[in-house]
Amino acid sequence: MDVESSKATAMKPESPKKHKRRNVCLGVTAAAILVIFLLLLILGLTVFKPKQTTTTVDSTSISDLKVSLDIARLSVHVNLSLDVNLSIKNPNKVSAKYKNSSASLNYRGQVVGEVPIPAGKISADTTQPMNVTLTLLADRLLTDSQLFSDAMADAIPFNTLTKISGKVSIFNLFKVHFTSTTSCDLVVFVSNRTTGDQKCKYKTKL
């Protein structure tokens, strides 16, 4: 009789009050989760809405320049290093991370120098300065006939291109990737070792 009584007790259905309380608890929990999710969604679309992270060139200067003209052979040998000061602005309310990127020096559409930009992090709502030195690899211009003419004219045109890619993560729920590109055309004046006529174009893609 004791065994049968135990089985009957174990199989006894849950009382209506307990069943109701359990349903109420589940409903309250589900509602709380929904409210939190909606709150995070609203914050993500308003206060924490992703904004464009931009890169700006503040200045460009020559740190090293050597030009050797060979009039007889109509050729020129150029050693050039440019210091480029950048500013990366993160207007977001959360930090932004960027991966390994790069900056390049170009002469009439040809890449003649390149430098890596190590991965890093920009704090929320801050502007981070950055300096890169672009060095011309002279052997890449040995066969370029236009370089001699540009050097004789005392004005060699170059382009600096900086491309930084990364992401902004909001509450670890919303992740927005960005690519910030800066392209600057400038002229290097051989006689006085200065740069001028710099014109920059900025582009950011989310």
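The values are calculated or read from the model by the stated rules, or taken from the named source; none is laboratory data. These numbers were taken from a predicted model, which means no experiment stands behind them. For neighbour counting, all protein chains shown are included, and Cβ atoms are generated from backbone atoms with ideal geometry for every residue, glycine included. SASA here: full protein model, heavy atoms, side chains in, ligands and nucleic acids out. Shrake-Rupley method; radii C 1.70, N 1.55, O 1.52, S 1.80 Å.
Brief remarks follow.
- Enumerated strands (runs of 3 or more DSSP E) restricted to the stretch 136-206, each holding at least 3 residues that are on the phi > 0 side of the Ramachandran plot and either of a type in the set (D, E, K, R) or open to solvent by 60 Å² or more (accessible area, probe 1.4 Å) (or both): none
- All positions within the stretch 187-206 that are over 26 Å from the mean Cα position of the chain (by Cα) and not aromatic (Phe, Trp, Tyr): VAL187, VAL188, VAL190, SER191, ASN192, ARG193, THR194, THR195, GLY196, ASP197
- Among residues of the stretch 65-107, those that are in contact with a strand residue (DSSP E or B) (Cβ under 6 Å, 6 or more places away or on another chain), small (Gly, Ala, Ser), touching a residue at least 12 places away in the same chain (Cβ under 8 Å) and part of a strand (DSSP E or B), counted: 7
- If you filter the stretch 81-93 down to residues that are surrounded by fewer than 17 Cβ atoms within 10 Å (Cβ to Cβ) and more than 14 Å from the chain's Cα centre (by Cα), you find that the one that is nearest to SER123 (Cα to Cα) is LYS93.
- Positions within the stretch 52-80 being open to solvent by less than 50 Å² (accessible area, probe 1.4 Å), farther than 30 Å from THR127 by Cβ and of a type in the set (Ser, Thr, Tyr), in sequence order: SER75
- Screening the stretch 14-38 for residues that are modelled with pLDDT of 65 or more, farther than 28 Å from PHE174 by Cβ and open to solvent by less than 100 Å² (accessible area, probe 1.4 Å) and picking the one that is nearest to the chain's Cα centre (by Cα) gives CYS25.
- When restricted to residues that are crowded, with 17+ Cβ neighbours inside 10 Å and closer than 19 Å to LYS175 by Cβ, the stretch 95-135 contains 4.
- Criterion (of a type in the set (A, V, I, L, M) and under 13 Å from THR54 (Cα atoms)) met by exactly one of LEU206, LEU147: LEU206
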